[in-house]
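Take a look at the structure set out below.
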Amino acid sequence: MNETMKIILDKIKAYDKILLFRHFRPDGDAIGSTKGLAGILRLTFPEKKIYLQNNDFSDYLAFLGEEDSPLCDEEYADALGIVLDTGTTKRISNQKYSLCKEIVKIDHHIPLENYGDYQWVEEHRSSTCEMIAAFYDAFKEELKIDKEAATCIYTGMVTDSGRFRFREVSGETMRLARVILDQG
């Protein structure tokens, strides 16, 4: 666990409303990380309002479920925004992310643009889903996960790592994949 992960968890705990965003033309990692994290947060904090707020979708990943309906602009003002798997603000699917009170960026790409109030970027990771698996693993005494959230996270890990063949895949990647696979 690193200090940024703890700060992000503390921010999540501090907000009653959390909006999750990803990049447009989404792939398995973008959808898997947003839906996987949303699933973890909904299970762990059922009293919080957790919404996926994206403007486009992927037919080939429809098996992971639907996105939430769009919210009106006023709903953003008191929310924590979490942008996943997106290196630059121009690629964020829903540009209303900037209306959120605070922004967290979670990404594994080489940093091209600094944005957000809090940034957790680990470019050595094979996927943002690997980072979400690490987040869950670091706080597994506090966080809850189910088969659906794990399926989303594993999907992103498999697709963005080229089925665990790319250079960024490490022993830690495989250990975290096991943690996720153990969820059923």
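E113 falls short of the stated requirement of being open to solvent by 40 Å² or more (accessible area, probe 1.4 Å) and modelled with pLDDT of 95 or more. Taken over the range 6-30, the criterion of being in a helix (DSSP H, G or I), under 19 Å from T155 (Cβ atoms) and modelled with pLDDT of 95 or more is satisfied by D29, A30. Applying the condition of being hydrophobic (A, V, I, L, M, F, W, C) and open to solvent by less than 20 Å² (accessible area, probe 1.4 Å) to the range 83-105 and asking which residue is farthest from the chain's Cα centre (by Cα) yields C100. Only a single item in (1) over 26 Å from M1 (Cβ atoms); (2) part of a helix (DSSP H, G or I) is not met by R42, and it is number (1). The set of residues from the range 171-184 being closer than 14 Å to R125 by Cβ and open to solvent by 50 Å² or more (accessible area, probe 1.4 Å) comprises G171, E172, M174, R175. The set of residues from the range 14-44 being under 10 Å from L80 (Cβ atoms) and either crowded, with 18+ Cβ neighbours inside 10 Å or without any contact (Cβ under 8 Å) to a residue 60 or more places away in the chain (or both) comprises Y15, K17, I18, L19, L20.
Tell me which residues, restricted to the range 149-184, are outside any helix (DSSP H, G or I) and hydroxyl-bearing (S, T, Y). Of everything in the range 149-184, those that are outside any helix (DSSP H, G or I) and hydroxyl-bearing (S, T, Y) turn out to be S161, S170.
Residue pairs whose Cβ atoms lie under 6 Å apart, separated by 6 or more positions or on different chains, with the first residue in the range 86-104 and within 25 Å of R125 (Cα to Cα) and the second open to solvent by 30 Å² or more (accessible area, probe 1.4 Å) and in a strand (DSSP E or B), are V104/Y118. Might you check whether a residue that is in contact (Cβ under 8 Å) with a residue 60 or more places away in the chain, part of a helix (DSSP H, G or I) and touching a helix residue (DSSP H, G or I) at 6+ places or on another chain (Cβ under 6 Å) occurs anywhere in the range 140-148? Yes, the range 140-148 has at least one match. Of everything listed in (1) open to solvent by less than 80 Å² (accessible area, probe 1.4 Å); (2) of a type in the set (S, T, N, Q); (3) more than 22 Å from K144 (Cβ to Cβ), the single unmet condition for S69 is (1). Taking the stated definitions as given, is G156 among the small types (G, A, S) and at positive phi? No, not satisfied. Of all the listed residues (H108, H124), the sole one being in contact (Cβ under 8 Å) with a residue 12 or more places away in the chain, out of contact with any helix residue (DSSP H, G or I) (no Cβ under 7 Å at 6 or more places or on another chain) and closer than 25 Å to D10 by Cβ is H124. From the list L37, L61, the one residue that fits, being outside any strand (DSSP E or B), modelled with pLDDT under 95 and in contact with a helix residue (DSSP H, G or I) (Cβ under 7 Å, 6 or more places away or on another chain), is L61.
The values are calculated or read from the model by the stated rules, or taken from the named source; none is laboratory data. All of these numbers come straight from a predicted model, not from anything done at the bench. Note that each Cβ is placed from the backbone with ideal geometry, even for glycine, and that neighbours are counted across all protein chains shown. Side chains included, ligands, DNA and RNA excluded: accessible areas come from the protein's heavy atoms. Shrake-Rupley method; radii C 1.70, N 1.55, O 1.52, S 1.80 Å.
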